[in-house]
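Have a look at the structure below, then the notes.
The values are calculated or read from the model by the stated rules, or taken from the named source; none is laboratory data. Predicted model only: the values in this text are computed from it and were never measured. Neighbour counts run over all protein chains shown; Cβ positions are idealised from the backbone, glycine included.
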Amino acid sequence: MLDLFTVLTSGGIVLFQRSPLASSASSSAPRYLIDRVISDVFMQERSSERGYDEDGYTVKWTFANELGLIFVAVYQKILELTWVDELLVTVKKMFVKLYADSLKTGDTTAVIADLNGVKCNFGTWLDAKVQSYEGTKVVFGPQNIS
């Protein structure tokens with residue numbers, strides 16, 4: 001089960017973030033790992049790596065360089081989720097399809113507003129995609145950008 005999924009800009013703006021309600025007590029725990037990956041991997045120009053293990057979690061990512069985006073998935077290392085790389089690529093393709101035009105014109109405000117709307121179509125799509133990979137019904141909470 002994924003503990004956290006985040007889409008952020010290379011400048012550090014979090015556009016989208018999801019964590020499951022089922023583990024709400026621990027769901028905020030891996031958020032600090034995003035900062036660690038940025039400082040330990042990206043800032044040290046080791047971004048060609050595609051995984052980072054820390055504190056019992058695995059962090060994987062992919063880039064959409066043309067839009068300056070980073071897609072990050074965090075899960076407990078013990079789970080060894082083999083489908084996360086495929087999920088990252090699939091999510092990146094959909095996100096770029098939906099938001100490339102706005103992001104190319106620099107309108108991140110419109111993207112954030114859409115992703116934080118009452119009905120976030122991308123969030124609903126992501127929830128269904130994760131559920132299909134996991135083979136279970138997973139309830140994600142509202143995005144929580146903080």
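Some notes on this structure:
- Filter result for the condition that a residue is surrounded by fewer than 20 Cβ atoms within 10 Å (Cβ to Cβ), modelled with pLDDT of 80 or more and not small (Gly, Ala, Ser), over MET1, MET43: MET1
- Contact map, the stretch 102-118: first residue of a type in the set (Ser, Thr, Tyr), second residue part of a helix (DSSP H, G or I) and surrounded by 15 or more Cβ atoms within 10 Å (Cβ to Cβ), Cβ cut-off under 6 Å, separation 6 or more or different chains; pairs are SER102/VAL111.
- Residue in the stretch 134-146 that is at pLDDT 90 or above, under 27 Å from SER39 (Cβ atoms) and either among the aliphatic types (A, V, I, L, M) or in a helix (DSSP H, G or I) (or both) present: no
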